[in-house]
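Chemist: Okay, handing you the structure first.
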Amino acid sequence: MPRVTFGQTGNSVELSSGSSLIDLEDTGKSEVPFGCRSAACGTCLIDVESGMNNLGPRTEEEQDLLHDLDMDGDKRRLACQCRIFGDVTITPLN
């Protein structure tokens, strides 16, 4: 199973391949705050430190909000929009 590692603490959580990072909430070990869950608020903004290739592509809604927030760098994603297919290391920004 793919592993999500939190860059600031080194803690990690395993999720099933194809899961949304929103599923971190169900583990009780999430270090990512989630708000609207639909690419409308930016609460779950993360930097992907490694494993960007193990996440599904950005949705149009995600790209639009990242652009509106002026946060559309190469490492930036909205966790609520990410599907995981392999190991990643992320750092929450909020």
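The values are calculated or read from the model by the stated rules, or taken from the named source; none is laboratory data. These figures come from a predicted structure and were not determined experimentally. Every residue, glycine among them, receives a Cβ derived from its backbone with ideal geometry; neighbour counts consider all protein chains shown. We work out accessible area using only protein heavy atoms, side chains counted, and drop any ligands, DNA or RNA first. Shrake-Rupley method; radii C 1.70, N 1.55, O 1.52, S 1.80 Å.
Chemist: What is the percent carbon and sulfur in the accessible area of the chain, measuring with a 1.4 Å probe over the protein chains and ignoring ligands?
Modeler: Details: 2040 of 4850 Å².
Carbon-and-sulfur percentage of accessible area, whole number: 42.
Chemist: Now a separate question. If you count only protein heavy atoms with a 1.4 Å probe, what accessible area per residue comes out for the chain, rounded to a whole Å²? Write out the running numbers ahead of the final one.
Modeler: On the way: 4850 Å² over 94 residues.
Result: 52 Å² per residue.
Chemist: Compute the length gained on full extension between D74 and S20: take 0.36 nm times their separation in residues and subtract their Cα-Cα distance, giving the result in nm to one decimal. Display every interim value, and only then the final one.
Modeler: Numbers: separation 54, 0.36 × 54 = 19.44 nm, distance 1.97 nm.
Additional length available on full extension: 17.5 nm.
Chemist: Given charges of +1 on the Cβ of Lys and Arg and -1 on the Cβ of Asp and Glu, with all other atoms neutral, how large is the dipole of the chain about its Cα centre, in debye to the nearest 20? Mind showing how you got there, number by number?
Modeler: On the way: 8 positive and 16 negative charges, 52 e Å.
Dipole about the Cα centre, nearest 20: 240 debye.
Chemist: I would also like to ask the following. Can you find, among A79, L65, T43, the residue farthest towards the positive end of the dipole of the chain? Put +1 on the C-beta of Lys and Arg, -1 on that of Asp and Glu.
Modeler: The listed residue farthest towards the positive side: A79.
Chemist: Sticking with this one: Taking the alpha-carbon set of the chain, what are its Rg and Dmax in Å?
Modeler: 11.8, 34
Chemist: Right, here's the next one. Is the C-alpha gyration tensor of region 20-61 telling us rounded, prolate or oblate? Criteria: a/c under 1.5 is rounded; beyond that, a/b larger than b/c is prolate, otherwise oblate.
Modeler: Oblate is the answer for region 20-61, as a/c is 1.5 or above yet b/c matches or exceeds a/b.
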